[in-house]
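Note sheet for the following structure.
Every number here is computed from the coordinates shown, using simple stated rules; none is lab data. This one's a predicted model, so the numbers in the text were calculated from it and none came from an experiment. A quick note on method: Cβ atoms are made from the backbone with ideal geometry, for glycine too, and the neighbour counts reach across all protein chains shown.
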């Protein structure tokens, strides 16, 4: 296990999300544990949007290890469920540690995930550095909630995601607010459904 993973795991065990954010945001190997490191201000922004839009929880699609999601919960108090595909990978000895329980599904959404998404009336749907446009649209089609959060690169970052924070959202979704993650050209975009 790489040193950064060991350090982050130890800080996780201590419940010290603030040190993870401060210490690893500019670390050269930060992508080994997380694609984007929001600041404390960014976590407050997410929490404020959740209050304004009357959300009680978050479902994160493609959450990976769940480190970001754990930090959001610790910083804001909002519970998060994480959805991932490829259960064989997440149960093998080479998989990274996980920081939240994962709901595992196949590429074709399992019935329990469809049911979960259909019962998300006061829940936000989160995609962070997601890269599968057709799957994104399928999740949105099954999602009954009214809040969507996309975290990813803005124009000029030279990184591809699908969806991007701006421009890839269907017309029924309206941008509520957005915030840059420090000066990284990564953005948190929060939408609500018309």
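According to the Kirkwood expression over distinct Cα-Cα pairs, how big is the hydrodynamic radius of segment 1-46, in Å?
10.9 Å
Would you list 90, 17 from fewest to most Cβ contacts within 10 Å? It would help to have the intermediate numbers written out before the result.
Values: 90 15, 17 21.
Starting with the residue having the fewest Cβ neighbours, the order is 90, 17.
Fewest first, what order do 78, 187 take by the number of other Cβ atoms within 10 Å? Each step should come with its number before you reach the end.
Values: 78 18, 187 21.
With the sparsest Cβ surroundings first, the list reads 78, 187.
Helix-only mean residue ellipticity at 222 nm, the chain, DSSP H runs n ≥ 4 weighted -39,500 (n - 2.57), per residue, nearest 500. What is it? All intermediate terms of the calculation are to be shown ahead of the outcome.
Working: 7 runs with 64 residues, N = 194.
Rounded to the nearest 500, the figure is -9500 deg cm²/dmol.
Just the number: Rg to Rh for segment 102-177, Cα atoms, Kirkwood Rh, two decimals.
Numbers: Rg = 12.8 Å, Rh = 13.3 Å.
For segment 102-177, the value is 0.97.
When the chain is fully extended, how far beyond the present Cα-Cα distance does residue 86 get from residue 29, taking 0.36 nm per residue of separation?
Values: separation 57, 0.36 × 57 = 20.52 nm, distance 2.44 nm.
This chain segment gains 18.1 nm when fully extended.
In the set [x] 48, 17, 13; [y] 24, 20, 16; [z] 41, 15, 12, which value of semi-axes √(5λ) of the Cα gyration tensor in Å was calculated from the structure you see?
Recomputing semi-axes √(5λ) of the Cα gyration tensor in Å here picks out [y].
How far is the Cα center of segment 104-133 from the Cα center of segment 23-38, in Å?
25 Å
Roughly what would the spin-label model give for residue 194 and residue 157, points 7 Å off Cα along C-beta, in nm?
Label at residue 194, label at residue 157, 2.7 nm between them.
Taking the beta-carbon count within 10 Å as an exposure proxy, list 89, 70, 173 from fewest neighbours to most.
89, 173, 70
Taking the chain as a Gaussian network, where each spring joins two C-alpha atoms under 10 Å apart, which residue of 142, 23, 93 fluctuates the most?
93
Hey, what did segment 104-194 get for relative contact order, percent, Cα under 8 Å, at least 6 apart?
Working: 155 pairs, mean separation 23.7, N = 91.
It comes to 26 percent, rounded to a whole number.
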